[in-house]
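Each remark here refers to the structure printed beneath this line.
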Amino acid sequence: MLWLITHAGARWWLYGWIVWEIFTLTLIWLYPTLIAPLFNRFLPLQDEALRARIINLLQRCGFASGGIFVMDGSKRSQHGNAYFTGFGAHKRIVFFDTLLKSLQPDEIEAVLAHELGHFKHGHVRKRLVLMALVSLAAFALLGTLIDAEWFLAGLGVQHSSHAGALLLFLLVTPYFSAVLQPLSSYWMRKHEFEADDFAAAQTDAHNLIHALVKLYEENAASLTPDRLYSAYHDSHPPAPVRISHLTAKLAAQSAP
């Protein structure tokens with residue numbers, strides 16, 4: 001980045017953003033098969049009955065998977081989770097071993113249906129696009145500030161340099177992003193509700209409710225966080241809010 005600042009001219013920030021995006025997407029592409037296995041062990045799912053249930057769900061949802069794997073998450077914590085990762089035909093379904101031990105098969109299917117809901121609604125793609133736009137804005141802002149004497153002087157820097165300006169920008173960035181945090185949290189919680197709705201349409205919502213209660217307990221998440229704190233910080237709605245939303249879905253489905 002420092003080389004681009006010095007040699008790429010006034011539009012170095014645009015070229016820097018392009019390099020950053022290529023770097024980020026490359027890491028996401030390599031993560032499932034090259035990076036993640038450096039830190040955890042991934043083994044194909046051995047439970048044939050559960051595998052058949054999952055494959056049936058994937059077919060109903062039109063999801064093409066490059067494999068179904070179990071990760072040894074218990075080596076670090078009892079946190080339970082399931083996710084899919086990768087692009088195109090290289091997408092992998094991953095279950096934490098802790099999740100498989102704590103949930104029943106129908107509850108596991110409901111949790112996976114929730115994750116597939118993120119895929120069907122394009123949440124991952126939308127988040128990548130948003131991250132790209134935010135990083136573009138950040139690079140453009142840095143391009144404006146890097147030679148601004150008032151920016152450096154305002155932070156007490158007497159001898160300016162590109163390296164110093166870059167470091168200072170990284171240090172003050174969290175204060176800029178703090179303003180956007182509640183909007184980001186709201187958007188992420190909206191995605192969680194959409195994924196819950198998808199799971200309730202594909203599986204029995206009762207199973208997802210039971211799974212959520214177990215996961216929130218095992219992950220030691222507060223069931224009654226402060227409303228304002230949660231609205232600002234939390235990317236996932238509190239458990240009672242999600243359960244109430246799912247219960248309302250069940251009532252609407254059973255209504256004549």
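The values are calculated or read from the model by the stated rules, or taken from the named source; none is laboratory data. Values in this document were obtained by computation on a predicted structure and should not be read as measured data. Backbone-built Cβ (ideal geometry, glycine too); neighbour counts: all protein chains shown.
Data for the structure
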| item | result |
| --- | --- |
| Selection within the stretch 1-23 - without any contact (Cβ under 8 Å) to a residue 60 or more places away in the chain and either closer than 14 Å to ALA138 by Cβ or under 26 Å from the mean Cα position of the chain (by Cα) (or both) | ILE18, VAL19, ILE22, PHE23 |
| The stretch 39-59 residues that are touching a residue at least 24 places away in the same chain (Cβ under 8 Å), paired with ones that are of a type in the set (Ser, Thr, Tyr) (beta carbon under 7 Å, 6 or more apart) | LEU58/SER65 |
| Test: residue in the stretch 69-90 that is touching a His at 6+ places or on another chain (Cβ under 6 Å), touching a residue at least 12 places away in the same chain (Cβ under 8 Å) and not acidic (Asp, Glu) | no |
| Test: residue in the stretch 183-193 that is over 18 Å from the mean Cα position of the chain (by Cα) and touching a residue at least 12 places away in the same chain (Cβ under 8 Å) | no |
| Output for the stretch 142-160, where each listed residue is closer than 21 Å to LEU180 by Cα and in contact with a Phe, Trp or Tyr (Cβ under 8 Å, 6 or more places away or on another chain) | LEU142, GLY143, LEU145 |
| Number of the condition not met by ALA137 [criteria: (1) among the small types (Gly, Ala, Ser); (2) at pLDDT 90 or above; (3) assigned to a loop (DSSP other than H, G, I, E, B)] | (3) |
| First in the stretch 24-37 and in contact (Cβ under 8 Å) with a residue 60 or more places away in the chain, second anywhere and of a type in the set (D, E, K, R) and surrounded by 13 or more Cβ atoms within 10 Å (Cβ to Cβ), Cβ under 7 Å, 6 or more apart | PRO32/ARG92 |
| Hits in the stretch 217-242 (condition: assigned to a helix (DSSP H, G or I), more than 22 Å from SER184 (Cα to Cα) and touching a residue at least 12 places away in the same chain (Cβ under 8 Å)) | GLU218 |
| Verdict on TRP17 being part of a helix (DSSP H, G or I), surrounded by 15 or more Cβ atoms within 10 Å (Cβ to Cβ), modelled with pLDDT of 85 or more and not aliphatic (A, V, I, L, M) | yes |
| GLU107, sole failed condition from (1) within 16 Å of the chain's Cα centre (by Cα); (2) surrounded by 15 or more Cβ atoms within 10 Å (Cβ to Cβ); (3) within 17 Å of PHE198 (Cα to Cα) | (1) |
| Within the stretch 148-165, tally of residues that are out of contact with any Ser or Thr (no Cβ under 8 Å at 6 or more places or on another chain), among the hydrophobic types (A, V, I, L, M, F, W, C) and surrounded by 15 or more Cβ atoms within 10 Å (Cβ to Cβ) | 3 |
